[in-house]
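Chemist: Next up is a structure, given as structure tokens.
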Amino acid sequence: MVQAVVMAGGASRRLGQPKALVPLLEGTVLSVSVHRLVKLGIETVVVVHPDLVADATDLPCRVVVNHRPDDGRTGSLHLGLAELSPPLSEVLVCPVDRPGWDGTVLDRLLATPGEAVVPMHDGRAGHPLLVRGKALERLSLLAVDAPLRDALDERKKVEVDAPFLHLNLDRPEDLTVMPALAAWLMRGENP
């Protein structure tokens, strides 16, 4: 059973606005990410910053509030993993600030064996990350401030056709590619 944790628990300090609420298609980066996962039948949990609770109430999934956003991604991931239905076997780790994936990327990740599978485009790794088996156990044991890579001994890389895979909504200038990302997502495979 494939499950997903969408991580939107950070403070978005460098961007100057909540990354999760950046407009995309007919919604926001957060809502579009969740709807894509749910449409594919993937049980999804979203971890949000306390300031985003009101904006997450209409999402078709469970929402968890990260009251300690300074713990970073691992802290958010721990909260999300705790809310997924056991047993955990395959979990997609989807940072909200990395929206440059589509259903085809997920299909490639899921079809690739390995405890940790990372999408690649033009020789560079991106997100979401697929974690399975013992790697999931190691993630759950990480300190909240430890980087996720500390639990991923070996990462299998799989090439995907996703020109926006490396988009990271981090600074205001990163928002300039959002119209092109929206056009790419509207090719037919996505809501």
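The values are calculated or read from the model by the stated rules, or taken from the named source; none is laboratory data. All figures in this text were calculated on a predicted structure; none of them were measured in a lab. With ideal geometry, Cβ positions are generated from the backbone for all residues, glycine too; neighbour counts draw on all protein chains shown.
Chemist: Evaluate the following for residue 100: is it modelled with pLDDT of 95 or more, in contact with a strand residue (DSSP E or B) (Cβ under 9 Å, 6 or more places away or on another chain) and either surrounded by 21 or more Cβ atoms within 10 Å (Cβ to Cβ) or within 21 Å of residue 148 (Cα to Cα) (or both)?
Modeler: Criteria met by residue 100.
Chemist: Can you give me the number of residues within segment 108-162 that are in contact with an Asp or Glu (Cβ under 9 Å, 6 or more places away or on another chain), under 21 Å from residue 96 (Cβ atoms) and among the small types (Gly, Ala, Ser)?
Modeler: 3
Chemist: Select from segment 97-115 the residues that are assigned to a helix (DSSP H, G or I) and not small (Gly, Ala, Ser) and list them in ascending order.
Modeler: The answer is 104, 105, 106, 107, 108, 109, 110.
Chemist: So, of the residues in segment 148-162 that are part of a helix (DSSP H, G or I) and of a type in the set (A, V, I, L, M, F, W, C), which turns out to be surrounded by the most Cβ atoms within 10 Å (Cβ to Cβ)?
Modeler: Among them, the one singled out is 151.
Chemist: Report, by residue number, each residue of segment 61-82 that is without any contact (Cβ under 8 Å) to a residue 60 or more places away in the chain and farther than 26 Å from residue 181 by Cα.
Modeler: Once the filter is applied, which keeps residues that are without any contact (Cβ under 8 Å) to a residue 60 or more places away in the chain and farther than 26 Å from residue 181 by Cα, segment 61-82 yields 62, 64, 65, 66, 67, 70, 82.
Chemist: Sticking with this structure for a sec: Got at least one residue in segment 152-168 being without any contact (Cβ under 8 Å) to a residue 24 or more places away in the chain, more than 19 Å from residue 9 (Cα to Cα) and not basic (Lys, Arg)?
Modeler: no
Chemist: Across segment 165-183, which residue is surrounded by the fewest Cβ atoms within 10 Å (Cβ to Cβ) among those that are out of contact with any strand residue (DSSP E or B) (no Cβ under 9 Å at 6 or more places or on another chain) and assigned to a loop (DSSP other than H, G, I, E, B)?
Modeler: 171
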